[in-house]
Amino acid sequence: MKRKGILSIALAAAMVATACAGTLSANAAASNDSLASQYSTNSAGVGANKSITVDGDIGDWDSSMLIAQGAANDDPRVYRPNSMYEVGVDMYALYGAYDDKNLYLMWEMTNVQDCVAPNDDYPLTQGTLYMNQNFPFFIAIDTGDSSSAIGNNAQLTTSGTIWNSGITWTQPFNKLIAVSTNGSNGPFVYGGNSSGLNAKETHTAATSGVVFKYGKGILSQSIKGIDKGYGKNNNRVVGDVCNESAAWVDFNANGHKSSTMDFHYEMSIPLSTIGTDSSSIKNNGIGVMVVATMGKSALDCLPYDVAMNDNADQPDTESQENNSYEKSDADQITAAFARIGKGGGNTPKPTVTQPTQSQTQPTTPSGQKGDSNRDGKINIKDVTTIQKYVVKKYTADQLDLVAAEVDGDGSVTIKDATKIQKFVAGLGTLA
């Protein structure tokens, strides 16, 4: 199956930010609970029981269907001290509805570079994502059916991550829809089990029945976000999405041309395709999350997760050093899904037999180069283990220090994680 323009595997994440607007601790900056009040989930309700015509026009939608609110100008590339380089990937609001046949989603995208950096021509002249960009959207759906829950953080059962994106989720869900920003790939529907996400689609674009459209215009009358770009030069620091005292503005009041710069996507998903019905949605609700990517990794999602921001100020040495490492890092998403039909609850985690303590943490390091978590395999899990060690979420006895040190500098750092992920992607060796 062709994946036109989809770039290869994500590279390892760099360190979690040390401060939120220069004052919060790294732990606070990494907490979804500490997000500024602009971000919200189900604050307006749980969508609507209404039929929507998916045609690229927002006429059937209204503000009562808002299920997740984001912020403008939180594209991670604004945290670098130089140009955005590309068109923005900036999700602003997510809406939901359902009827007897379909689940309906609509999400708004904004591009406030006309206010933030009006002289930075390239991000302004590239138009919208659907005009000339071909990067994945991922739509995770939690039907509430524990028997079909996808476990193992939604890593592939064959190892790796969906479309080599580097994205994992701690919250189990039941179906994942993948489609490119211009609609040329997908929509494809994936399922899985307690061992993870299946690499082969349960429905192809021809069989899914999913309808995907886009068009100019959004519902939101104000576009609120944090002003300025170019990183620390303008006080844009990692974690400022957690800071109520950041330079929050309404970009429309600052001259943003929403009618020409902003656009939306909408989608209808047959309930039969995702294994649920309208009665279940009405009585129990259904959870959703939309993740937007560019390059090799996630740049934004609704509901918002701070993993979209944690490495924003780091250089992306694998593509353009002056660009943001968020384009290449690995993102583990922990935020709760938005609910449609009824709030509360998510799919229970599937029961998985866990290895014993002696299996996961032997007293004597194995020394197998690259196998940092001692499971006998070299894969994305070893990268995650090193990441957690580097940011002090793991102690030295929770990984194999001998195996994790692969770059020969005598210490375990993010460089070792990067080298292992290149090896997993077939882009290098561990020698």
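Bear in mind that the values in this text are calculations on the coordinates, not laboratory data. Every value quoted in this text rests on a predicted model; they were computed, and no experiment measured them. With ideal geometry, Cβ positions are generated from the backbone for all residues, glycine too; neighbour counts draw on all protein chains shown.
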So, with points 7 Å from each Cα along the Cβ direction, the ASP60-GLU321 label distance in nm works out to 5.1
Descending principal axes extents, the stretch 188-287, alpha-carbon based, whole Å
48, 34, 30
Nearby aspartates and glutamates by direct alpha-carbon distance to LYS228 (threshold 13 angstrom, same-chain neighbours under 8 apart not counted)
ASP74, ASP75, ASP114, ASP120, ASP240, ASP250
Once you have the Cα-Cα distance between ALA199 and THR334, take 0.36 nm times their residue separation minus that, and quote the gain in nm to one decimal.
46.4 nm
Peptides 73-79, 189-195 ordered by average Cβ neighbours within 10 Å, highest first:
73-79, 189-195
Per the rule of 0.36 nm per residue minus the C-alpha distance, extending THR260 to ASP375 adds in nm 36.2 nm
Approximate spin-label separation ALA253-LYS232, in nm, with each point projected 7 Å along Cα-to-Cβ
3.1
Which net charge results for the neighbourhood of LYS213, defined as the other residues with beta-carbon distances under 13 angstrom from its beta-carbon, given Lys and Arg at +1 and Asp and Glu at -1?
-3
What order do you get for 291-300, 34-43 when each peptide is scored by the mean count of other beta carbon atoms within 10 Å, highest first?
291-300, 34-43
In the stretch 221-280, if every C-alpha pair distance is counted and binned at 5 Å from zero, what percent goes to each bin?
4, 13, 17, 12, 12, 10, 7, 11, 10, 3, 0
Just list whichever of LYS327/LYS419; LYS232/LYS296; LYS213/LYS282; LYS224/LYS327; LYS200/LYS377 have alpha carbons separated by over 20 Å in the model shown.
LYS232/LYS296; LYS213/LYS282; LYS224/LYS327; LYS200/LYS377
Where in the stretch 208-276 are there trypsin sites (Lys or Arg not before Pro) that are in a DSSP coil and have at most 15 other Cβ atoms within 10 angstrom of their Cβ?
LYS257
(1) 151; (2) 130; (3) 159, with the label sought being that of the calculated volume of the Cα convex hull per residue in Å³:
(2)
With springs connecting C-alpha atoms under 10 Å apart, model the chain as a Gaussian network and identify which of GLN133, GLN155, GLN320 has the largest mean-square fluctuation.
GLN320
When you count, for each residue, the other Cβ atoms within 10 Å and take the mean per peptide, how do 402-410, 307-315, 241-249 rank with the highest first?
307-315, 241-249, 402-410
